[in-house]
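Below is one structure; the comments refer to it alone.
The values are calculated or read from the model by the stated rules, or taken from the named source; none is laboratory data. A quick note: this is a predicted structure, and the numbers were derived from the prediction, not measured. Cβ atoms come from the backbone with ideal geometry, glycine included; neighbour counts cover every protein chain shown.
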Amino acid sequence: MADNRCKLCDILGNIPEDVAPYAEKLYNLMPDNEKAAQDLMKKRFDVCSVCEHRQASTCLKCGCYVEIRILGKANRCPAKKW
Ligand code: SF4
């Protein structure tokens, strides 16, 4: 497994190497009331993109893929950056 994989997802073995298509599929399956708005996700992703806690696609603060963590409206940054 690649170093940037979520530990939980590795256990489940269901995350592909390229996270973006998986994140899009997951987003489409989420109930509308749980989805973050597109502009909010973009703002979150921009913050994560320059964060010192991000390594490749993984947030080292929480172990999540940032592409997936940004999807949920109720999700929060563990470093309180968003
Ligand atoms: S979720 Fe927060 S701590 Fe993690 S990479 Fe994004 S901005 Fe950084």
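Worth a mention:
- Against the test of being at pLDDT 65 or above and not small (Gly, Ala, Ser), the options Leu8, Leu12, Leu29 yield a single qualifying residue, Leu29.
- Considering the conditions (1) in a loop (DSSP other than H, G, I, E, B); (2) surrounded by 15 or more Cβ atoms within 10 Å (Cβ to Cβ), Lys81 is excluded by exactly one of them, (2).
- Matching residues, region 41-57, being surrounded by 16 or more Cβ atoms within 10 Å (Cβ to Cβ) and more than 8 Å from the ligand (Cβ to nearest atom): Met41, Ser57
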